[in-house]
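To start, the structure itself, in C-alpha cells.
The values are calculated or read from the model by the stated rules, or taken from the named source; none is laboratory data. The structure displayed is predicted, hence computed values, not measured ones. Every residue, glycine as well, gets a Cβ built from its backbone with ideal geometry; the counts of neighbours run over all protein chains shown. Side chains are part of the model used for accessible areas, which takes the heavy atoms of the whole protein and leaves out ligands, DNA and RNA. Shrake-Rupley method; radii C 1.70, N 1.55, O 1.52, S 1.80 Å.
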Amino acid sequence: MQSMKVRAFKLFTGIPAAVAVAACSKDAARQSATRSSAPIDTAVVATQAPTPSAGRPRSLAGLAYTSLPSGVSFISGAAIPVSSGAPTFDVAHVKTPDGDHAWLQTAGPKIGGTASHLVIADLTLPPMSSTESLVMASCDVNGKLDPTVIAIVTNEPNAKQLTKVRQAWRANTDAKRFDMIPVDGVVCEEPDAAE
C-alpha cells in the first residue's frame, strides 16, 4: 500500500456533482492502478474557479486573470524553462485567505483585449514557520538543477546552499499538477545569499 496523504482532490467538468462523484467512485479502483507512482498533493485541474467545500481551501485552478483576485497577494514567482515552441509556464507563490498556495500557470485567454494568466494547478502549501521559506527554480535533485522543483526549506543565515528541506514538489507541466517528491537529494540555493 502506498503511503500518501492527499489534502484535496477535486475535478470540475461542469456536470452535476452527484454524477461526478458516482463516476469517480466507480472508476477509482481502476484508475488508482493506472496512475503514476508519484504522490500527488493538492493538484487540481478545473475549467472554472470552484466553490470551496466544507473544511477544504478553495482552489483557484482554472482561474484566468489579468490582475490577482481580491484577497490574493503575490509573494514570489519563477519561470519554468521549456523546450522551444512549447507553452511557457511559471510558478507563483501567492497568499490567499485560505493560506499560502503555489500556482502552476501559463498564458491564458485574452480578457477584454488584455493577455491573462491561467492557473492550471493549485497546490495548498502547509503552514510555514518564520524560519522557513518556499524556494522555486533553484533546487538540485541528486546534484542536477531541476527548475521545476519547489521546496519548503529552513532558512540558514548566510548559507548559499539550503540543505534542510522539509517538503518538495515538482511542477508537472504535462499532467498539469504538482507531484510530491522525496526530499533526499534535494538541495536548494538561495539566490540572494552572500557568496
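Cβ-Cβ below 9 Å, separation at least six or inter-chain, first residue in segment 67-79 and under 16 Å from D90 (Cβ atoms), second surrounded by 10 or more Cβ atoms within 10 Å (Cβ to Cβ) and of a type in the set (K, R): which pairs? Here the result reads V72/K95; F74/K95; I75/K95, each pair linking segment 67-79 to a residue that is surrounded by 10 or more Cβ atoms within 10 Å (Cβ to Cβ) and of a type in the set (K, R).
Do we have V153 as within 15 Å of the chain's Cα centre (by Cα) and at pLDDT 95 or above here? In short, no.
Scanning segment 111-137 for residues that are outside any strand (DSSP E or B), open to solvent by less than 20 Å² (accessible area, probe 1.4 Å) and touching a strand residue (DSSP E or B) at 6+ places or on another chain (Cβ under 6 Å) yields a single hit, L125.
The residue that is surrounded by the most Cβ atoms within 10 Å (Cβ to Cβ), among those in segment 83-106 that are of a type in the set (A, V, I, L, M) and modelled with pLDDT of 90 or more, is L104.
Of everything in segment 62-101, what is of a type in the set (G, A, S) and touching a strand residue (DSSP E or B) at 6+ places or on another chain (Cβ under 7 Å)? Give them in sequence order.
G62, A64, G71, S73, S76, G77, A78, A79, A92, G99
For the structure I just gave you, tell me whether N142 is more than 29 Å from L63 (Cβ to Cβ), of a type outside the set (F, W, Y), out of contact with any helix residue (DSSP H, G or I) (no Cβ under 7 Å at 6 or more places or on another chain) and open to solvent by 70 Å² or more (accessible area, probe 1.4 Å). Yes, satisfied. Residue count for segment 138-172, restricted to those that are farther than 15 Å from D184 by Cβ, part of a loop (DSSP other than H, G, I, E, B) and touching a residue at least 40 places away in the same chain (Cβ under 8 Å): 3. Within segment 110-129, the set of residues being at pLDDT below 95 and farther than 17 Å from L68 by Cβ comprises K110, G113. Residue count for segment 73-82 satisfying the condition of being among the β-branched types (V, I, T) and open to solvent by 20 Å² or more (accessible area, probe 1.4 Å): 2.
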